[in-house]
1. In nm, give the distance between the simple-model label positions of residue 93 and residue 73, each being 7 Å from the Cα along the Cα-to-Cβ direction.
2. Along the Cα→Cβ direction, 7 angstrom out, place labels at residue 100 and residue 197. What is the inter-label distance in nm?
3. Once you have the Cα-Cα distance between residue 165 and residue 327, take 0.36 nm times their residue separation minus that, and quote the gain in nm to one decimal.
4. Over what distance in Å are the Cα centres of segment 336-350 and segment 401-443 separated?
5. Distance between the C-alpha centers of segment 175-226 and segment 356-398? Whole Å please.
6. Radius of gyration and Dmax for segment 240-338's Cα atoms, expressed in Å?
7. Could you list 229, 375, 297 so that the one with the fewest beta carbons within 10 Å of its beta carbon is first and the one with the most is last?
8. Would you order 298, 350 from fewest to most other beta-carbon atoms within 10 Å of each residue's own beta-carbon?
């Protein structure tokens, strides 16, 4: 294991806007050991915010820059403390951060001024451990939280190459979250001399799925969580493969001719009326890549010897994912999906947020369907569901469509505060508002204000 301590150097103070007002103390840093880690490096920083860490080369802006609105503000002021980067033993090598070429990488942040609590998260999509730095870490560490994030054990567009059998790559995601949670709890004990009084989990997209799965399967590790538009997985459906192929098949015809039948097929698949202005972008950036790579993970036999299908193929092309029919695929495919399926049987308080204009993971087959599972499992008392009018899958597109969209980030922050009060208040009066529809205001600072 390697450890290193970097204080604020005079030259670097000129690089980082606004020199920290207080130098880091980093007590006990040399004694910190991440249980189970194969490699770790600890740095003492005078500020753990992304602005400072970019200058120090200890975050990856390319991992998080496209997730938030440029109008989203994070707290000002330095947060001194310790950052530990490292990895757990793993055989896959898709994460090239720091030239390590090793998966199961993690980041742990331990502020000097700790509030006694811990937040765990996992990367959204196929991103790495720094993907939540701007949306989550900056805000949480400013509130005094210890924070940890994982790359989920595989990432990038070839994540499906990991694992021995279909579904294994996604199974590893959940295992890596558990691994990081246990290890970070131990590091918190080492750093502060006491355990975290409360441990929360949160995430966006695939990170929202991780939150759901963790509160169903490892509730002993957490006190609650906030699920931001998590992906839904059920072997009988709905799942990605029940709506993305429809988009690939019908959108090109709708785009070319305005064909009403193609439009109706898109709506029937789960895409929201009124989201049409987002379809072209999502077809080009998200739908095709997501369908092909995740289908390769769960159903590699569909396209024979071809790996992850044929990009942007027209319906009728052999092995084209636009013609993928999940219901007709062999039982083995459903069995692969079953490995990561959700049940709705959450055991700790959870808040779900989803936007009405989410055009990658449409609200109907993802969060509406999951809420129905929670109701069937008779866990509704542990759950709140806030539907955000105008919310899309990533806040970035608000900057291009400020008259139609609404960033979800401020609603996530409001939901997190509500979760804290719910869990820590332990009383009827501490419960958050009932599940509800959050209307899009006609004015105001939508990127930074939201009321539940």
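1. 4.7 nm
2. The two pseudo-label positions are separated by 3.2 nm.
3. 56.3 nm
4. Answer, in whole Å: 23.
5. 22 Å
6. Taking only Cα atoms of segment 240-338, I get Rg and Dmax of 13.3, 39 Å.
7. The most exposed by this proxy come first: 375, 297, 229.
8. Exposure proxy ranking, most exposed first: 298, 350.
Bear in mind that the values in this text are calculations on the coordinates, not laboratory data. For clarity, every value in this text was computed on a predicted model and none was experimentally measured. With ideal geometry, Cβ positions are generated from the backbone for all residues, glycine too; neighbour counts draw on all protein chains shown.
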